[in-house]
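Enquirer: Before we start, here is the structure in question, set down as structure tokens.
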Amino acid sequence: MNVLIIGAGGREHALAWKCKQSQKVTSLHVTPGNGGIESIADCWYLTDHEAILSRAKTEKIELVIIGQEDYLVNGLTEQLEAAGIAVFGPSQQAARLEGSKVFAKEFMKRHNIPTAGFEKFEDVNAAKAYLKKIDAPFVIKASGLAAGKGVLICEDIETAEKGLDEIMVDKQFGEAGDHVVIEEFLEGEEASFFVFTDGTNYITLPTLQDHKRQLELDQGLNTGGMGCYSPAPVVDESVTDKVIQQVVEPTLRGMVQDGHPYKGILYIGLMIDAGQPRVVEYNIRFGDPECQPLMMLLDSDMVEIAMAVANNSLDTLSVKWKAQAAVIVILASGGYPGSYEKGFTIQGLEEVESSEKQMVFHAGTRRDQNRYLTAGGRVLGVTCLGDNLEEALKLAYLNSARISWPGSQYRRDIGLKGLKRLTRGKKELQVAVIMGSASDRKIADKAAAIFDQCNVAYEIIVSSAHRTPERTRQFIHDAEQRGAEVFIAIAGMAAHLPGVVAAETRFPVIGVPVNASTMGGQDALLSIVQMPPGIPVATVGIDRGDNAALLAVQILSISYPYLKAYHFEYRLQMEQKVIASN
């Protein structure tokens, strides 16, 4: 079978990579293609519909997989099908689910699909007047296609009005900004949900979580996606059932009722709050970067799936997926999603060997003899598999660090939200905090604030090494029985409490010296560091309950990977505060 894939990004590279493995493929072609795709497929570098159709006839193409949304919105599906070529992708009318935000929102409202409240506008002054009637933050969307960047989330009315001018007056996204949708801001956590569908039958794909913002901790401008991971723990079995019942089935049924059955891959962008999903948007194709990890996880023939969708026989297939986690980290040009320079030589690609566990998919590159040059905003997608999310993340970031060019950037926090949810094995008590005196409460509260932020189970009591030794001993033993793996002892002056705790437990002890005398806490600090051989006690700065808690989190993270995510997130927050202060 002669197969053509249409598109020019990392999504199309991944599709080509997967289709190349099919025994059904005789020849594989991609248009326009990119530098990386050239190594596995014949790239035509055509974008005009008529030129593509003519070449497809010449090459006797039997199946076309349309990856890029603008070709679908502009009706290429119908042109190819009219020539007797099978197409994996929706019709032009069905493609309005992504091609027009106004159409999509009205469709959801008409078919009772849960989504944010909205209003549509074609006059910028009317849109600005509406902003004054609602509360911030404001969500403003260009109605047409904007390469994943036509969404603004504005914290105040001044920023929102400026955004409206950029979209509707300055035409930053061209005709896509002729109409805008202003939506209710949805609280919650985002996730990506995909289904293969032939218009009637459907098959769900593994869930993912994309990272749209340019900078760590979801700061900066919206992009087409800076990375994602799969599976997304926020989409549990209960949420999945709700998405299928409240979104997937009503959407497919609604498209049939409206006379435009949807065929292809359907992306449903979700916002999930307290277990209830609502639709943020539809996409009419594989997401980029979601496609890359999905193709790595797919354990079935993509060409078979595409043909079954095109031939309305998806119910005859059983699609298999690898029982692994997948991660993609996007390496982007400096300045993206704004203006950026092109033409830099990419260093280090040869250090990442392609395998079933790791691939570098090209999104914005061009080939220059034996080297690759940057040719876009999102340049590469380092995609890796692992037996679990932590393993996949380690491999992805190890490989990302090997590749560079002047100004290259990538987010360091891809997957942290997922890791934070993987708390299996967490005990009812992880850290036991003992204060020598009730006057030490402010110091203990510093530790408590860290534990609350990092989802650590802890308990705080007052118990003196001298006045209540039996109570102290009993609490230590009881805490061990309930799961405590780190002890923090807060004490001033002679500071015997940390030593007593260390003598009673086999778990790590962190002593916090307290400023409780004319020596400003130096006496307590010196007492703690002079423990006898065999009774080790770590210590931190005077009154630094917060640092003691962070050290406890680091110790626990050896056994609990989710705590590595919380700790790294804390470090990123501190980094951002320093940058903001300058």
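Enquirer: Quick check on Ile113: is it under 26 Å from Asn74 (Cβ atoms), assigned to a loop (DSSP other than H, G, I, E, B) and of a type outside the set (S, T, N, Q)?
Expert: yes
Enquirer: Further question: Pull up segment 7-49, narrow it to residues that are part of a helix (DSSP H, G or I) and touching an Asp or Glu at 6+ places or on another chain (Cβ under 7 Å), then point me to the one that is nearest to Leu297 (Cα to Cα).
Expert: Residue satisfying both the conditions and the ranking: Arg11.
Enquirer: Check whether at least one residue in segment 362-374 is modelled with pLDDT of 95 or more, touching a Lys or Arg at 6+ places or on another chain (Cβ under 8 Å) and surrounded by fewer than 19 Cβ atoms within 10 Å (Cβ to Cβ), and report yes or no.
Expert: Within segment 362-374 (the criterion being modelled with pLDDT of 95 or more, touching a Lys or Arg at 6+ places or on another chain (Cβ under 8 Å) and surrounded by fewer than 19 Cβ atoms within 10 Å (Cβ to Cβ)), the answer is yes, since at least one residue qualifies.
Enquirer: Please go through segment 115-151 and give me each residue that is of a type in the set (D, E, K, R) and within 22 Å of the chain's Cα centre (by Cα), ordered by number.
Expert: Listed by number, the residues that qualify are Lys141, Lys149.
Enquirer: When you go through (1) more than 44 Å from the chain's Cα centre (by Cα); (2) among the small types (Gly, Ala, Ser); (3) surrounded by 22 or more Cβ atoms within 10 Å (Cβ to Cβ) one by one for Gly534, which number turns out not to apply?
Expert: (3)
Enquirer: Which helices (runs of 4 or more DSSP H) sit wholly inside segment 221-304 and have at least 2 residues that are at positive phi?
Expert: Where helices (runs of 4 or more DSSP H) fall fully within segment 221-304, none carries at least 2 residues being at positive phi.
Enquirer: Next up: Would you be able to tell me the number of residues in segment 482-506 that are farther than 14 Å from Ile434 by Cα and touching an Asp or Glu at 6+ places or on another chain (Cβ under 9 Å)?
Expert: Count: 5.
Enquirer: OK, next. How many residues, within segment 75-110, are surrounded by 15 or more Cβ atoms within 10 Å (Cβ to Cβ) and not in a helix (DSSP H, G or I)?
Expert: 12
Enquirer: From the list Val327, Val319, exactly one residue is within 23 Å of the chain's Cα centre (by Cα) and either of a type in the set (A, V, I, L, M, F, W, C) or on the phi < 0 side of the Ramachandran plot (or both). Which is it?
Expert: Val327
Enquirer: For segment 369-419, enumerate the residues that are closer than 19 Å to His211 by Cβ and among the aromatic types (Phe, Trp, Tyr).
Expert: Tyr397, Tyr410
Enquirer: Let me ask something additional. Looking at segment 542-581, which of the residues that are touching a residue at least 60 places away in the same chain (Cβ under 8 Å) and among the basic types (Lys, Arg) is surrounded by the fewest Cβ atoms within 10 Å (Cβ to Cβ)?
Expert: Arg544
Enquirer: Can I ask one more? Would you be able to say whether some residue in segment 456-473 is in a loop (DSSP other than H, G, I, E, B), crowded, with 22+ Cβ neighbours inside 10 Å and touching a residue at least 12 places away in the same chain (Cβ under 8 Å)?
Expert: Yes, because at least one residue in segment 456-473 is in a loop (DSSP other than H, G, I, E, B), crowded, with 22+ Cβ neighbours inside 10 Å and touching a residue at least 12 places away in the same chain (Cβ under 8 Å).
Enquirer: From the set of residues in segment 190-220 that are among the hydroxyl-bearing types (Ser, Thr, Tyr) and either buried (at least 23 other Cβ atoms within 10 Å of the Cβ) or part of a strand (DSSP E or B) (or both), which is nearest to the chain's Cα centre (by Cα)?
Expert: The selected residue is Ser192.
The values are calculated or read from the model by the stated rules, or taken from the named source; none is laboratory data. What you see is a predicted model; the values in this text were computed from it and never measured. No Cβ is skipped: glycine too gets one built from the backbone with ideal geometry, and neighbour counts run over all protein chains shown.
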